[in-house]
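K.L.:
Have a look at this one.
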Amino acid sequence: MPTLTESENGFTLTQHNCALCKVAKQYPELCKSELKLFSELLGPEVKVERVNHILMGDQNCSFSITKGLVISGNESRRSDLRFFLTDPNKFVE
């Protein structure tokens with residue numbers, strides 16, 4: 001089960017296990033596609049970077065997620081990003 005925790009500059013999404021790991025070992029472009037998907041779903045104002053990577057020997061895969069407009073201490077912007085990342089209906093039309 002992934003976890004979403006607030007960090008100083010936004011959020012960290014941590015995947016504690018990988019359902020695709022066996023396939024990704026043979027086809028690493030799968031991981032690149034996952035990162036691209038997160039970036040496309042969250043939009044151009046949100047920066048997504050891989051911080052940890054199971055295939056590189058890390059304990060988990062984690063992503064730093066920051067919004068370009070997030071300013072430390074600006075709760076309204078941080079709340080907007082939290083809502084954007086945690087609303088399960090965000091991508092349902």
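K.L.:
Set the Förster radius R0 to 22 Å, insert the Cβ-Cβ distance between Asn60 and Val23 as r into 1/(1 + (r/R0)^6), and round the FRET efficiency to 0.05.
P.N.:
Using R0 = 22 Å, I get an efficiency of 0.80.
K.L.:
Using a 1.4 angstrom probe on the protein heavy atoms only, line up Thr3, Thr14 by accessible area, largest first.
P.N.:
Largest accessible area first, the list is Thr3, Thr14.
K.L.:
Out of the GluC sites (Glu not before Pro) in the stretch 1-42, which ones are loop residues according to DSSP with at most 14 other C-beta atoms within 10 Å?
P.N.:
Glu8
The values are calculated or read from the model by the stated rules, or taken from the named source; none is laboratory data. Since this is a predicted model, take the numbers as computed values, not measurements. Note: ideal-geometry Cβ built from the backbone for every residue, glycine included; neighbour counts use all protein chains shown. Side chains are part of the model used for accessible areas, which takes the heavy atoms of the whole protein and leaves out ligands, DNA and RNA. Shrake-Rupley method; radii C 1.70, N 1.55, O 1.52, S 1.80 Å.
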